[in-house]
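*Asks:* What follows is a single structure, and I will ask about it in a moment.
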Amino acid sequence: MNGYALKALAAMRPLRWPRAWLALWAAMLVLVVVLSLAIVPPLPEVPNSDKFGHALAYASLAAMAVQLFSGKRTLIRVALLLIAYGIAMEFLQGLTPNRTPDPMDALANSIGVLIGMSVVFTPLRNSLAWIEQRLGDANAR
């Protein structure tokens, strides 16, 4: 494992199944790539209808990151990386024959990251720990 991966693991919250949750987050990141770059059938044009989907996807990624990582500095880094990820996806769409980049999509992605990161200020920031506790209690019965 490289030094960056070790730092990321050290910044993780104390969870019972950290590798499983990281794998889920990684799968979410891959799903965003697939949905961003895949060939999609023509859909009826509704102006800006996809912006909600962009914001929701990136809010989900960021909210999951809040569940996984602790520390203000770490969460700021993750937020910046997710914003860069969203911009990169838009750039990569310009390299595909069937998609076009849209700066407003990149903005929606970034707004989604900020919304998802705001989970840190709510009790929802401990959702994974709560799930683990419930699953642990259920297994103990």
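Where a number appears in this text, it was derived from the coordinates with a stated rule and is not lab data. As the structure is a prediction and not an experimental result, all values here were calculated from the model. All Cβ positions, even for glycine, are placed from backbone atoms using ideal geometry, and neighbour counts span all protein chains on display.
*Asks:* Can you find, among 98, 85, 71, the residue farthest towards the positive end of the dipole of the chain? Put +1 on the C-beta of Lys and Arg, -1 on that of Asp and Glu.
*Replies:* The residue sitting most towards the positive pole is 71.
*Asks:* Next up: Going highest first, how would you order 59-65, 69-75 by mean Cβ packing within 10 Å? Write out the running numbers ahead of the final one.
*Replies:* Details: 59-65: 21.4, 69-75: 14.1.
Answer by packing, highest mean first, reads 59-65, 69-75.
*Asks:* Check residue 69: other-chain or 5+ apart residues with amide H under 5 Å from its amide H, H built from backbone geometry?
*Replies:* For residue 69, the qualifying residues are 13.
*Asks:* For the chain, what are the DSSP H helices with axial Cα length of 24 Å or more and mean Kyte-Doolittle hydropathy of at least 1.6? Don't skip to the end; give the middle numbers.
*Replies:* Numbers: long enough: 18-37 (29 Å, 2.00); 50-68 (27 Å, 0.76); 72-93 (32 Å, 1.11).
Span-like helices, by this rule, are 18-37.
*Asks:* When the dipole is taken about the Cα centre of the chain, and only Lys, Arg (+1) and Asp, Glu (-1) are charged at their Cβ, what size is it in debye, to the nearest 20? Don't jump to the answer; show the numbers that get you there.
*Replies:* Numbers: 12 positive and 7 negative charges, 160 e Å.
Using Cβ point charges on Lys, Arg, Asp and Glu, the chain gives about 760 debye.
*Asks:* Once you have all Cα-Cα distances for the chain, histogram them in 5 Å bins from zero and send the whole-percent values.
*Replies:* Bin by bin from 0 Å, the calculated values are 2, 9, 17, 20, 17, 13, 10, 7, 4, 1, 0.
*Asks:* Just order 31-42, 99-110 by mean Cβ neighbour count inside 10 Å, highest at the front, would you?
*Replies:* Values: 31-42: 11.5, 99-110: 17.2.
For the peptides 31-42, 99-110, the packing ranking is 99-110, 31-42.
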